[in-house]
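Here's the structure, in structure tokens; my notes come after.
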Amino acid sequence: MVFVTRQTHFNAAHRLVNSNKSDQWNQETYGKCNYANWHGHNYVLEVTLAGIPDPDSGYVIDLGRLKKIIEQYILEPCDHRNLNMDVPFLSDIIPTSENLVHAFYDQLKKPVEAEASQGSVLYSVKLFETERNSAEYCPYRTL
């Protein structure tokens, strides 16, 4: 099994708020991330595939093609946007890093696997919200 990762970045604003909870609960739970006038991050996104390289090309996936898929399905809708208001596929979630990686994985799975070598899978999506904080969605890894 070979793991191939493409790293990219984007900038976006968001606000963490659970509309089913009180203002006090949201402020206590999310602190600065709940500011009414939003806040932003310089996100770093890593997309990893796992598979056996194609015998003809030697690729698990053409990284140029992977770059274009990430641009189309994640960067174009999210970069320099308000994740709460501007991104339709995020409209029903609280945009924590944990929820974002799952949503990004769901957006990428079908187009990425269609371009990858036979039997390859989208293994994980990892998002760095800051240099020290990240979340990763990896449905193939078990506890």
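Since every read-out is calculated from the coordinates, none of them should be taken as a lab result. Note that the structure is predicted; figures quoted are calculated from it, not measured. Glycine also receives a Cβ, built like all others from the backbone with ideal geometry; neighbour counts cover every protein chain displayed.
Percent of Cα-Cα pairs more than 16 Å apart in the stretch 80-142, please.
Looking at the stretch 80-142, the distances longer than 16 Å represent 53 percent of pairs.
Given the chain, what count of lysine pairs have C-alpha atoms under 19 Å apart, with each pair 8 or more places apart or on different chains?
9
Under a GNM of the chain (C-alpha, springs under 10 Å), which listed residue has the highest mean-square fluctuation: Asp62, Asp54, Asp92?
Most flexible of the set in this elastic network: Asp92.
In whole percent, what relative contact order does the chain give with Cα contacts below 8 Å and a gap of six or more residues?
Over the chain, the number comes to 30 percent.
To the nearest 0.05, how large is the calculated FRET efficiency for Val2 and Asp92 if R₀ is 41 Å and r is the Cβ-Cβ distance?
Taking R0 as 41 Å, the efficiency between Val2 and Asp92 is 0.70.
Could you work out the per residue convex hull volume over the alpha carbons of the chain, in cubic angstrom?
Dividing the Cα hull volume of the chain by its residues yields 119 Å³.
How many nm is it between the label spots at Lys21 and Leu63, if each spot is 7 Å from the Cα in line with the beta carbon?
The two pseudo-label positions are separated by 4.0 nm.
Select from the chain the helices, each a whole stretch of DSSP H, whose alpha-carbon atoms run 18 Å or more along the helix axis and whose Kyte-Doolittle mean is at least -1.0; answer none if there are none.
Helices meeting the span and hydropathy rule in the chain are 97-115.
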